[in-house]
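Let me begin by presenting the structure, written as structure tokens, before commenting on it.
Please treat every number below as a calculation from the coordinates, not as lab data. No experiment lies behind these values; they were computed from the predicted model shown. When we count neighbours, we look across all protein chains shown, and the Cβ atoms used for this are built from the backbone with ideal geometry, even at glycine.
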Amino acid sequence: MKYILILGATSDIAAATAYEFARNGFGILLAGRAPEKLAVIEKDISSRFEVPVSSHLFDAEDFAGHASFFAKLPHRPDVTLCAFGYLGEQEKGQNEWEEAQRIIQVNYTGAVSVLNIVANSYAEQEYGAIIGISSVAGERGRQSNYLYGSAKAGFTAYLSGLRNRLAKKGIPVLTVKPGFVRTRMTEGLPLPKPLTAEPEQVGKAIYKAFRSKEDVIYTLPVWKLIMQNIRMIPEGIFKKMNL
Ligand SMILES: NC(=O)c1ccc[n+]([C@@H]2O[C@H](COP(=O)([O-])OP(=O)(O)OC[C@H]3O[C@@H](n4cnc5c(N)ncnc54)[C@H](OP(=O)(O)O)[C@@H]3O)[C@@H](O)[C@H]2O)c1
């Protein structure tokens with residue numbers, strides 16, 4: 001039996017991805033900071049699929065606890081998905097360090113802290129796979145969300161370096177760059193329908209890309225083209241745009 005560890009399992013995208021791996025016979029290790037929410041997902045997966053599912057407490061900001069969290073898991077996961085994230089409020093973060101710090105800590109520092117441990121374990125055993133959910137927001141800083149975007153940019157570069165390091169050991173690292181996805185994170189935001197994915201679509205795309213050992217995917221794929229164009233806008237024009 002193969003297992004996937006899902007960090008931030010109460011995320012809508014993570015839960016959809018958990019269903020996809022369970023459907024394909026993976027045992028599921030759910031990790032998150034809200035036990036009651038984990039219990040609901042655990043019960044639902046157990047009732048639908050004949051795979052083992054368990055829940056484990058994990059807080060991305062509890063850096064000191066990450067090594068013992070990973071060591072105490074009942075199974076060494078074959079695959080680790082890092083899905084947690086915090087959009088936060090850009091304006092609040094500009095004025096209150098605590099908000100800025102939380103955005104950086106959850107999206108970047110927490111991810112680096114736990115994935116360093118996972119990566120070292122996989123490197124030593126020369127086996128495993130890592131999937132990280134970053135964001136198209138990390139490709140170019142915009143006034144409306146550059147705190148979140150810069151943390152995701154750091155995470156994207158981290159995953160790229162990790163992929164380079166672990167490729168020699170045959171350990172794939174997949175970077176997922178979603179555009180808009182209809183989840184709790186984007187609730188209430190006016191999302192353009194043709195550019196917005198459902199969590200289930202992202203879950204399916206992640207499983208498919210994992211199977212085919214892809215390096216980087218955009219969900220929806222149209223976002224690859226959009227970001228190519230956005231990157232090409234000269235800085236002199238970009239800085240005057242209302243983005
Ligand atoms: N939705 C989008 O449009 C979009 C676009 C690009 C990238 N993404 C990325 O996709 C990933 C999944 O997000 P989502 O859209 O599914 O949003 P979501 O449903 O709001 O999920 C966010 C998840 O992060 C978890 N989390 C936050 N702080 C944490 C902490 N300190 N420790 C552990 N877990 C923590 C939340 O846990 P609780 O349940 O305990 O709050 C929740 O499980 C994130 O990395 C996000 O940045 C989303």
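In degrees between 0 and 90, to the nearest 10, how far off the longest principal axis of the chain does helix 222-232 point, with axes built from Cα atoms? With rounding to tens, the tilt is 40 degrees.
Using only Cα coordinates, the Kirkwood hydrodynamic radius of the chain works out to 18.3 Å. Of all aspartates and glutamates in the structure, those lying under 16 Å Cα to Cα from K152, and not within fewer than 8 positions of it along the same chain, are E61, E89, E99, E139. The value of relative contact order for the range 109-243, using C-alpha pairs under 8 Å at least six residues apart, is 25 percent.
Expressed per residue, the C-alpha convex hull volume of the range 106-243 stands at 119 Å³. Taking packing as the residue-averaged number of other Cβ atoms within 10 angstrom, the listed peptides 223-229, 115-121 run from highest to lowest as 115-121, 223-229. Bridging of K168 to lysines at a Cα separation below 19 Å is possible for K213, once same-chain residues fewer than 8 apart are set aside. If you find the alpha carbon centre of the range 110-133 and of the range 41-67, how far apart are they in angstrom? Using only Cα atoms to place each centre, the spacing works out to 17 Å. As a test of the formula, what do you get for the chain when each DSSP H run with n ≥ 4 contributes -39,500 (n - 2.57) and the sum is divided by the residue count, at 222 nm and rounded to the nearest 500 deg cm²/dmol? The per-residue figure over the chain is -14000 deg cm²/dmol. Taking all Cα pairs closer than 8 Å and separated by 6 or more residues, the relative contact order of the range 1-118 comes to 29 percent.
Applying 0.36 nm per residue to the separation of A64 and E126 and subtracting their alpha-carbon distance, the gain on full extension is 19.8 nm.
The trypsin sites (Lys or Arg not before Pro) of the range 65-163 that DSSP puts in a loop, and whose beta carbon has at most 10 other beta carbons within 10 Å, are K72. Counting only Cβ charges, +1 for Lys and Arg and -1 for Asp and Glu, the dipole size of the chain around its Cα centre is about 800 debye.
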